[in-house]
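Working notes for the structure below.
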Amino acid sequence: MKTSISESLPKLPGAPTEKWPIGEPFVQALAHGSMSVELYAPVGLDLQTPHRQDELYFIHSGSGEFVLDGERYSFEPGTAFFVRAGVEHRFENFSADFSTWVVFWGPQ
């Protein structure tokens, strides 16, 4: 399996939904078993809620702050974050060019 930013980024935003009226800010790029890889690029606000799987974020572009379980961290391209399943987290004060790979795995 293979994916790239150039394949995934043009698919964003995705279709509008009730939760994401301006379009889903993520697109699934790869999946196998309980693992999936998405490109995530919210616009303006990060409205995500805790997930049922562990996840890794690999920042591709942009800068800002990541709030993880009440702690605040700055980020830039090349930064990685691990988030345990069920833990509150969100991106804040991020630049307009922000995008990140997200890897989910584990029990759903």
Residue order for H60, H51, H32, H89 - accessible surface, 1.4 angstrom probe, largest first: H32, H60, H51, H89
With every protein chain kept in place and a 1.4 Å probe, the residues D69, D46 fall, from largest accessible area down, as D69, D46
Which value, in Å² and to the nearest 10, is the accessible area of E92 when all protein chains are kept and the probe is 1.4 Å? 50 Å²
Per DSSP H run of at least 4 residues, take -39500 (n - 2.57); add these up for the chain, divide by its residues and hand me the 222 nm value, nearest 500 deg cm²/dmol. -500 deg cm²/dmol
Rounded to the nearest 20 Debye, what is the dipole magnitude of the chain about its Cα centre when Lys and Arg each give +1 and Asp and Glu each give -1 at the C-beta? 280 debye
On a 1.4 Å probe surface of the protein chains, which of I22, I59, I5 comes out largest in accessible area, and what is the full order? I22, I5, I59
Given points 7 Å out from each Cα along the Cα-Cβ axis, report the L30 to F58 separation in nanometres with one decimal. 0.7 nm
Quick one: accessible area per residue over the chain, 1.4 Å probe, rounded to a whole number of Å²? 58 Å²
Once neighbouring chains are kept in place and the probe is 1.4 Å, which whole percent of the accessible area of segment 3-86 is contributed by carbon and sulfur? 55 percent
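The values are calculated or read from the model by the stated rules, or taken from the named source; none is laboratory data. Small disclaimer: the values here were computed from a predicted structure and weren't measured. Quick reminder, even Gly has a Cβ in these numbers, built from the backbone with ideal geometry, and neighbours come from all protein chains shown. Calculation scope for accessible area: heavy atoms of the full protein, side chains included, ligands and nucleic acids excluded. Shrake-Rupley method; radii C 1.70, N 1.55, O 1.52, S 1.80 Å.
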